[in-house]
1. Just give me the residues in region B:301-311 being assigned to a strand (DSSP E or B) and either open to solvent by 10 Å² or more (accessible area, probe 1.4 Å) or within 11 Å of A:Leu347 (Cβ to Cβ) (or both), in sequence order.
2. Do the conditions hold for B:Leu189, that is, is it assigned to a helix (DSSP H, G or I), of a type outside the set (Val, Ile, Thr) and either modelled with pLDDT of 95 or more or touching a Phe, Trp or Tyr at 6+ places or on another chain (Cβ under 7 Å) (or both)?
3. So, in region A:331-346, exactly how many residues are crowded, with 23+ Cβ neighbours inside 10 Å and either in contact (Cβ under 8 Å) with a residue 12 or more places away in the chain or more than 9 Å from chain B (Cβ to nearest Cβ) (or both)?
4. Filter region B:62-95 for residues that are touching a strand residue (DSSP E or B) at 6+ places or on another chain (Cβ under 6 Å) and under 21 Å from B:Ala216 (Cα atoms) and give the result.
5. What about A:Ala280, is it assigned to a helix (DSSP H, G or I), open to solvent by less than 60 Å² (accessible area, probe 1.4 Å) and within 14 Å of chain B (Cβ to nearest Cβ)?
6. Is region B:27-39 home to any residue that is at positive phi and without any contact (Cβ under 8 Å) to a residue 24 or more places away in the chain?
7. Just one of B:Val194, B:Val182 is surrounded by 15 or more Cβ atoms within 10 Å (Cβ to Cβ), in contact (Cβ under 8 Å) with a residue 40 or more places away in the chain and more than 18 Å from B:Ala131 (Cβ to Cβ); which is it?
2 protein chains.
Amino acid sequence: MQPTRLDDVHVTILAGGSGTRLWPLSRHSQPKQLLPLLGETSLLRQTIERVLPLVPWERIYVLSGPDHAEAIARELPELGPENLFIEPSPRGTAPCLGLAALRLCQRAGEGIMISLHADHVVRNAEAFRAALCASIETAREGYLVTVGIVPDQPETGFGYIQRGELLAQRHGLNVYRLARFVEKPPLDLAQAYVASGEYCWNAGYFTWRLDAILAAFAEFLPEQYAALQTVAGDLAGPTGLAAWQGITPVTIDVGIMERAREAAVVPCDMGWSDVGGFGALYALLPHDEAGNATGGEGRYVPLDGGRNLVLSPRLVATIGLEDLVVIDTEDALLVLPRERAQDVSALVRRLHELGLDRHL
Amino acid sequence: MQPTRLDDVHVTILAGGSGTRLWPLSRHSQPKQLLPLLGETSLLRQTIERVLPLVPWERIYVLSGPDHAEAIARELPELGPENLFIEPSPRGTAPCLGLAALRLCQRAGEGIMISLHADHVVRNAEAFRAALCASIETAREGYLVTVGIVPDQPETGFGYIQRGELLAQRHGLNVYRLARFVEKPPLDLAQAYVASGEYCWNAGYFTWRLDAILAAFAEFLPEQYAALQTVAGDLAGPTGLAAWQGITPVTIDVGIMERAREAAVVPCDMGWSDVGGFGALYALLPHDEAGNATGGEGRYVPLDGGRNLVLSPRLVATIGLEDLVVIDTEDALLVLPRERAQDVSALVRRLHELGLDRHL
């Protein structure tokens, strides 16, 4: 097996989001990707450490909004300031990645661009890097490539990707032509997808040649592409800013990937999680013999009961409770049954309605 | 109706206990009676304010151990230091009240002594004072009198008192000869007691003439009585201390009241609670339309669910939880279903076993 060529590979990491599903652990000012949710370091740093065996800091770029720029710079002192790409306002992933591609093109002329998310967990980093290498080699052939996640349950919270014909085997992984993207399916459909073996989860990981992705922008999003060229030509200036503000938001999936004729998918079982809520966090943390998962500086003392998730800096005691989530922070405490974990966002909206934004 | 003679009435308040059923709200260093659990002031101060319309500060005495002496003095600046009776170690209520009776006898020669508890809630203070007045008048006739609580449910956590023949009607209340004391009964027996109308709860409220109670000590607890006389004769000295340490502990119910030939009971419906746990506290606090009871400086935001008790200095949010108790303090957090409120003491023992006494 030839070693994968990596010297022209650039990795961009989308670190702009600030979801609400892990409130009060995550806050607007301290989003999930900046928290040491699992292990000693932030998910963002863990994401970078996962690719460092392939790509050095010099070709790693973090994409975010102005709100988190300072925190990211603090979290990543190794990241050169010119490798922190700040977009002035959210316009969806397509303009964000299109602009990044243009800027990389300005700097490097040509090469491979990988786009990752800053707030995912990958247990099997070796498998992940094998998939990246397979995706790089496939992208060199002109494909827009996505690395998909082999599903282990009929998750209804993710989009799915259906594979087409087998294109190649690389680094022990099958590379398929990408047949289609599917939005978050209802449960019966999700079950059918998983049973078929033809679908994987869409994790939003992409690999492409710079010229290929820019050509796709020119073809499928010509209006946005023209604006992005203006932005790239006047990054800090008023013309660029005005052009950016005028861009119609669109995601890379809808704007580009679903339309691309030459798209490929590399399904990979890499122990992946998007840590999309307290249910996922509970599953990722180690459990004691009663099924309790704990975190934070605090001690947890349960009097019977079990399968609780307790994160606290203080002493927490429970009596006879099961499948409960207790998230205890300095200014806010959240208690809920784990099966209601998907309703945390609704709670956060309620807190906003009540004018409690200082806790969000 | 003749006004009740009150100028020789002394009120002693037992404030020595430090129960564990309200942990982490109550602590060893800050027991229930010193907490503003309901209203702005401590239960101890509320107890005193309840009797102040009858008896002035000069004839109110607080009985406690050395651990809480300082906190009590701080809580009650109006209380003269000579009215704070400190026992060096717990010996049960009989020695404690016997010594208090001896000390009052030393000071006043004769008169009426009332004994109350510092950590009870009485909603109807008028009814309570009427019962005290009835008990005082009955005690003047030589009876050892107890004020009992008319039960509103078959509580198995209290002792019961069976009434005998009607002795008098005073201040709108019936005064009965006391037939017998019953230990905490099983549920079926408790139901029968309540249905009969002949039983009331034993709240541990007593009224007696000083000479009558001391005569009862001499008759029923002669050994303890002799020791108490030694203690009273050398209050701060080594002889007195040694005599106190040698006393066999016994409660006033078992040692005196159950044996007394001339005992009376004044049943009274006074909106009474011993605040004996989070279930009782929940019942005492005001509820919102969802049945939630809250306390502390914190805001409580429930996303459906209800009938929760939430005490916190911080923002607390819950999703879909019912009949839950959340007690949130600076260093410790307790979460339990309200129906497990009686197990808090077991939890506290567990915390002690784990060496977590700094939180107790």
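The values are calculated or read from the model by the stated rules, or taken from the named source; none is laboratory data. Small disclaimer: the values here were computed from a predicted structure and weren't measured. Neighbour counts are summed over all protein chains in view; Cβ atoms, including those assigned to glycine, are modelled from backbone coordinates with ideal geometry. All accessible areas refer to the heavy atoms of the entire protein, side chains included, with ligands and DNA or RNA removed. Shrake-Rupley method; radii C 1.70, N 1.55, O 1.52, S 1.80 Å.
1. Residues satisfying the conditions are B:Val301, B:Pro302, B:Leu303, B:Asp304, B:Gly305, B:Leu311.
2. Against the criterion (assigned to a helix (DSSP H, G or I), of a type outside the set (Val, Ile, Thr) and either modelled with pLDDT of 95 or more or touching a Phe, Trp or Tyr at 6+ places or on another chain (Cβ under 7 Å) (or both)), B:Leu189 qualifies.
3. Qualifying residue count for the region: 5.
4. B:Leu63
5. Details: assigned to a helix (DSSP H, G or I): yes; open to solvent by less than 60 Å² (accessible area, probe 1.4 Å): yes; within 14 Å of chain B (Cβ to nearest Cβ): no.
The answer is no for A:Ala280.
6. yes
7. Values: B:Val182 fails: in contact (Cβ under 8 Å) with a residue 40 or more places away in the chain.
Unique residue meeting the criteria: B:Val194.
Rundown of residues vs (1) out of contact with any strand residue (DSSP E or B) (no Cβ under 7 Å at 6 or more places or on another chain); (2) small (Gly, Ala, Ser); (3) under 21 Å from A:Val121 (Cα atoms), yes/no style:
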{"position": "A:Ala263", "(1), (2), (3)": "no, yes, no"}
{"position": "A:His287", "(1), (2), (3)": "no, no, yes"}
{"position": "A:Gly296", "(1), (2), (3)": "no, yes, yes"}
{"position": "A:Tyr300", "(1), (2), (3)": "no, no, no"}
{"position": "A:Gly306", "(1), (2), (3)": "no, yes, no"}
{"position": "A:Ile319", "(1), (2), (3)": "no, no, no"}
{"position": "A:Leu354", "(1), (2), (3)": "no, no, no"}
